[in-house]
Amino acid sequence: MLRALMFILPLALTIYAFIDCLNTPEDEAKHLPKVAWVFIILLFWIVGPIVWLAAGKNRRTAQGGHAPSEWHRGRRTTWVAPDDNPDFLKSIKDENKKDESKKDESLLKDWEADLRRREEELKRRGGEDPGRGPEDKPKP
């Protein structure tokens, strides 16, 4: 068991340092270019990862107490879900208003067409004034 641990521990450290080096932006690698650090980590797989972790990277924390890498900083958005984004919600409301106004306009046109049809029908029936009802007729 101890023999396996002596092999697995340096291998895990090498894999961790290799991934950390690949995810580190070029401007945060100290002393050498990032490509050189990758070769050092892979060629000297016991000493290389330790040197990378100790001296190869700027390890400063942000004022908030945690330091996400540049890769995460560039891809992280302020909105987690679309319903958290007020611009998205406004665009949905605008679309709904447009749809509602189109429905209202079509309904109004239908009512106007129905009203015109009824007025024409009343004119054909008796020549009455469409604005007057039967009780408004002058009595002879």
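The values are calculated or read from the model by the stated rules, or taken from the named source; none is laboratory data. Every value quoted in this text rests on a predicted model; they were computed, and no experiment measured them. Counting neighbours? That spans all protein chains shown, and the Cβs are built from the backbone with ideal geometry, glycine included. Heads up: the accessible areas ignore ligands, DNA and RNA and are worked out on the full protein's heavy atoms, side chains in. Shrake-Rupley method; radii C 1.70, N 1.55, O 1.52, S 1.80 Å.
If the condition is being part of a helix (DSSP H, G or I) and either loosely packed, with under 10 Cβ neighbours inside 10 Å or modelled with pLDDT of 70 or more (or both), then the range 63-82 contributes 74, 75. Being within 18 Å of residue 56 (Cα to Cα) and either open to solvent by 100 Å² or more (accessible area, probe 1.4 Å) or among the β-branched types (Val, Ile, Thr) (or both) is the filter here; which residues of the range 1-26 pass it? Of everything in the range 1-26, those that are within 18 Å of residue 56 (Cα to Cα) and either open to solvent by 100 Å² or more (accessible area, probe 1.4 Å) or among the β-branched types (Val, Ile, Thr) (or both) turn out to be 14, 15, 16, 19, 24, 26. Meeting the requirement of 3 or more residues that are more than 40 Å from the chain's Cα centre (by Cα) and without any contact (Cβ under 8 Å) to a residue 40 or more places away in the chain, the helices (runs of 4 or more DSSP H) wholly within the range 1-62 are 2-23.
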